[in-house]
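Chemist: Before I ask anything, here is the structure I am working with.
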Amino acid sequence: MTLPARVSDLVPFDLLLSVARLGSLGQAAEAHGISQPAASTRLRRLERQLGLVLLERSPRGSQLTPHGVLVAGWAQAAVDAAAELDAGVTALRARRDAVLRVAASMTVAEYLLPGWLTALRARQPATTVSLTAGNSAEVAQAVLAGAADVGFVEGPDLPAGLRARRAGADTLTVVVPAGHPWARRRSGITAAELAATPLVSREPASGTRRSFEHALRAQADAGPVPPVAELSSTTAIKSAVMAGIGPAVLSSLAVAAEVAAGTLRAVRVSGLDLRRDLHAVSAQGRPLTAPAGDLHAIAVTSAQAATGRT
């Protein structure tokens with residue numbers, strides 16, 4: 001059944017009910033936050049739509065005509081039903097927004113999300129956050145499957161069905177132990193040298209590894225040789241590098257403390273830009289919840305503030 005055009009807009013009917021309750025067009029207009037001329041215009045338009053005179057207007061006020069009384073009685077049920085519908089939708093949204101399911105790549109989860117979630121807590125104190133950390137491919141699949149409301153990834157490519165919004169930037173850094181020959185090179189190394197060196201790497205689905213390999217192929221026209229070791233966590237990779245197993249390419253966020261302490265050395269690479277964007281991802285056709293939208297806005301604002309400091 002299609003809603004009849006004459007009654008598809010309930011606002012004028014609600015205004016008519018206010019006139020009946022308050023006995024004054026002016027007071028009804030004030031209750032609805034509009035001017036009296038605007039209220040009068042809306043009610044005259046309603047009268048034309050219905051083909052009925054609903055109000056008797058006089059200097060002493062406005063009274064409903066017999067037809068107006070009947071229409072107001074019928075309208076009350078429709079307005080009450082609309083209010084009940086809105087209350088139900090509001091309750092559903094509040095229930096949905098009570099828990100925010102976030103999936104994030106390891107770098108984002110460990111080094112960026114804690115600050116973002118603190119800021120989110122100030123905006124949405126009633127929201128509980130459920131966080132799942134994994135590699136970028138796992139995050140993308142969680143969002144596509146509906147297991148996460150929003151995800152944060154590092155990888156350069158995404159599967160179909162996801163909508164991506166930039167949520168900051170990061171730089172990959174080549175790190176070696178203090179005694180490594182590369183640590184003594186003031187001029188750094190070339191992209192070709194890096195591509196020819198077996199590295200300690202994350203698994204193939206890792207956003208960090210995919211970003212690095214994408215940069216090598218796009219800028220140096222070279223693919224990396226097979227890694228000397230594949231480890232599933234950033235902490236394990238840093239330990240392996242310190243033990244001398246091989247160099248690694250990790251997020252600058254992940255190695256900042258070790259580089260500052262001197263336990264790892266950052267190596268400059270000529271001819272290779274290792275900057276990358278971080279993205280918030282959500283499923284296409286599935287609008288972000290209010291907390292998810294706030295979290296994305298916080299991430300963007302934090303990235304802009306960090307850019308301003310550098």
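Chemist: Scan the stretch 163-176 and report the pairs whose first residue is closer than 18 Å to residue 260 by Cα and open to solvent by 50 Å² or more (accessible area, probe 1.4 Å) and whose second residue is modelled with pLDDT of 90 or more and outside any strand (DSSP E or B), with Cβ atoms within less than 8 Å and a gap of 6+ or a chain change.
Modeler: Close Cβ pairs satisfying both conditions: 171/252; 171/274.
Chemist: If you scan the stretch 27-54, which residues turn out to be over 14 Å from residue 67 (Cβ atoms) and touching a Pro at 6+ places or on another chain (Cβ under 6 Å)?
Modeler: Step one: of the stretch 27-54, the residues over 14 Å from residue 67 (Cβ atoms) are 27-42, 44-45.
Correct list: 42 only.
Chemist: Would you check which residues across the stretch 83-105 are modelled with pLDDT of 90 or more and either hydroxyl-bearing (Ser, Thr, Tyr) or open to solvent by 40 Å² or more (accessible area, probe 1.4 Å) (or both) and list them?
Modeler: Applying the first criterion (modelled with pLDDT of 90 or more) to the stretch 83-105 yields 100-105.
Scanning the stretch 83-105 gives 101, 105.
Chemist: Those residues that are open to solvent by less than 50 Å² (accessible area, probe 1.4 Å) and either in a helix (DSSP H, G or I) or acidic (Asp, Glu) (or both), I need them from the stretch 116-131; list them, please.
Modeler: Of everything in the stretch 116-131, those that are open to solvent by less than 50 Å² (accessible area, probe 1.4 Å) and either in a helix (DSSP H, G or I) or acidic (Asp, Glu) (or both) turn out to be 116, 117, 119, 120.
Chemist: Go through 233, 252, 201 for me and flag whichever is open to solvent by less than 50 Å² (accessible area, probe 1.4 Å) and touching a Ser or Thr at 6+ places or on another chain (Cβ under 7 Å).
Modeler: On the way: 233 fails: touching a Ser or Thr at 6+ places or on another chain (Cβ under 7 Å); 201 fails: touching a Ser or Thr at 6+ places or on another chain (Cβ under 7 Å).
So the residue among 233, 252, 201 that is open to solvent by less than 50 Å² (accessible area, probe 1.4 Å) and touching a Ser or Thr at 6+ places or on another chain (Cβ under 7 Å) is 252.
Chemist: Take the conditions more than 21 Å from residue 158 (Cα to Cα) and of a type in the set (A, V, I, L, M, F, W, C) and apply them to residue 260. Does it pass? Explain how you work it out, then say what you get.
Modeler: Details: more than 21 Å from residue 158 (Cα to Cα): yes; of a type in the set (A, V, I, L, M, F, W, C): yes.
When the stated conditions are applied, residue 260 passes them.
Chemist: If residue 34 meets every condition in (1) in a loop (DSSP other than H, G, I, E, B); (2) over 45 Å from the mean Cα position of the chain (by Cα); (3) not polar (S, T, N, Q) apart from one, which number is that one?
Modeler: (2)
Chemist: Under 23 Å from residue 135 (Cβ atoms) and in contact with a helix residue (DSSP H, G or I) (Cβ under 7 Å, 6 or more places away or on another chain): which single residue out of 223, 271 fits that description?
Modeler: Values: 271 fails: under 23 Å from residue 135 (Cβ atoms).
None of the others qualify; the one that does is 223.
Chemist: Further question: Please go through (1) of a type outside the set (Ser, Thr, Tyr); (2) open to solvent by less than 60 Å² (accessible area, probe 1.4 Å); (3) modelled with pLDDT of 90 or more for residue 78 and return the number of the only condition it doesn't satisfy.
Modeler: (3)
Chemist: Give the residues of the stretch 54-63 that are open to solvent by less than 90 Å² (accessible area, probe 1.4 Å) and over 12 Å from residue 13 (Cβ atoms), sorted by residue number.
Modeler: 55, 57, 58, 61, 62
The values are calculated or read from the model by the stated rules, or taken from the named source; none is laboratory data. The structure presented is a predicted model; accordingly, all values stated were derived computationally and were not measured. Glycine gets a Cβ as well: all are built from the backbone with ideal geometry, and neighbour counts include every protein chain shown. These accessible areas exclude ligands, DNA and RNA; they are computed on the full protein's heavy atoms, side chains included. Shrake-Rupley method; radii C 1.70, N 1.55, O 1.52, S 1.80 Å.
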